[in-house]
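The values are calculated or read from the model by the stated rules, or taken from the named source; none is laboratory data. Everything quoted here is computed from the prediction, not taken from an experiment. Methodologically, a virtual Cβ is constructed for each residue, glycine included, from the backbone with ideal geometry; neighbour enumeration extends over all protein chains shown. Surface accessibility is based on the protein's heavy atoms, side chains included, excluding ligands, DNA and RNA. Shrake-Rupley method; radii C 1.70, N 1.55, O 1.52, S 1.80 Å.
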Amino acid sequence: MILMNDIVREGAEVLKTKAQEVKLPLSVEDEQTLIKMNEYILNSIDPEISEKYGLRGACGLAANQINILKRMLVMRDYDENNQLHHYMMINPKIISYSDELTYLPGGEGCLSVDREVVGLVHRPRKVTVKTYLYENGEVKEVTLRLKDYIAIVFQHEYDHLNGILFVDRINKDFPLNVPENSTPVRFKRAEEEK
Ligand code: UDB
Ligand code: ZN
């Protein structure tokens, strides 16, 4: 199983390197990598397992982060409407972006970054993604339209595949600047608590 020690940290060359396309049909080795990545996410959000192994609860993981330069990522989280988005992606490609931007009001973090980073990351609010999905032992090609929080998680992981960290996207001179076309992600639960 993947532990925190297996997660590559900021400064490492693999996190600055573009990952390679995965050859299809999926090899047994690549399939096992994807399953292991998925297991990490599930273990990390299981209170007992994450406590026992000291895992940081995660909503996404890219293969670069476990030292594998292949275009695979796993993401799992709920959107603003409490719909679960759980995807094991192979060779994802963004085929269109919105001009509108969005951002997490508290900024982003990363399993590979151990320090507190102040600054906002503005990303397209909507993306259309063409990807292979691994589901129930099968690989199928789909087109997904992702928006708001889920689009942020996807783009954060997609950046890893291209050797980009969220810190690279923070405006160095004005880290808390908000462009006129960017609006914060609003979580439904937080809204209801007001
Ligand atoms: C995460 N989780 O998994 F807005 F309820 C982060 C860590 C680094 C803090 C564990 C996270 O941001 N969870 C979260 C965010 C919310 C509301 C909420 C829970 N990642 C994954 C990662 O590092 N992948 O490479 C960082 C996220 C920051 C923005 C998207 C991915
Ligand atoms: Zn990350």
Give me the lysines in straight-line cross-link reach of LYS140: C-alpha distance below 24 Å, same-chain residues under 8 apart excluded. LYS18, LYS23, LYS36, LYS70, LYS93, LYS126, LYS130
Where a Cα-Cα gap under 12 Å defines reach, which aspartates and glutamates qualify for LYS147, not counting those fewer than 8 residues away within the same chain? ASP79, GLU80, GLU100
Could you please state how large a percent of the accessible area of segment 16-193 is carbon and sulfur, counting protein chains only and using a 1.4 Å probe? 47
Rounded to the nearest 10 degrees, what's the angle between the helix 148-161 long axis and the longest principal axis of the chain, both from Cα atoms, 0 to 90? 50
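On average, how much accessible surface per residue is there in the chain, in Å², for a 1.4 Å probe, leaving out ligands, DNA and RNA?
Working: 10700 Å² over 194 residues.
For the chain, the solvent-accessible area averages 55 Å² per residue.
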For ILE49 and VAL28, calculate 0.36 nm times their separation in residues minus their Cα-Cα distance, and state this gained length in nm to one decimal. 4.9 nm
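If packing is taken as the mean number of other Cβ atoms within 10 Å per residue, what is the order of 131-143, 150-162, 82-94, highest first?
Numbers: 131-143: 13.3, 150-162: 23.1, 82-94: 17.0.
Ranking the peptides 131-143, 150-162, 82-94 by packing returns 150-162, 82-94, 131-143.
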Full extension from VAL178 to SER96: what is 0.36 nm times the residue separation minus their Cα-Cα distance, to one decimal in nm? 27.3 nm
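Mind running the shape call on segment 11-76? Use the C-alpha gyration tensor, a ≥ b ≥ c as the square roots of the eigenvalues: rounded below 1.5 for a/c, prolate if a/b tops b/c, oblate otherwise. Don't jump to the answer; show the numbers that get you there.
On the way: a/c = 2.68, a/b = 1.53, b/c = 1.75.
Oblate is the answer for segment 11-76, as a/c is 1.5 or above yet b/c matches or exceeds a/b.
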Applying the gyration tensor rule to the Cα atoms of the chain (axes a ≥ b ≥ c; rounded if a/c under 1.5, else prolate if a/b exceeds b/c, else oblate), the class is rounded
Using a cut-off of 19 Å between alpha-carbon atoms, which lysines can reach LYS172, once sequence neighbours fewer than 8 places away in the same chain are excluded? LYS16
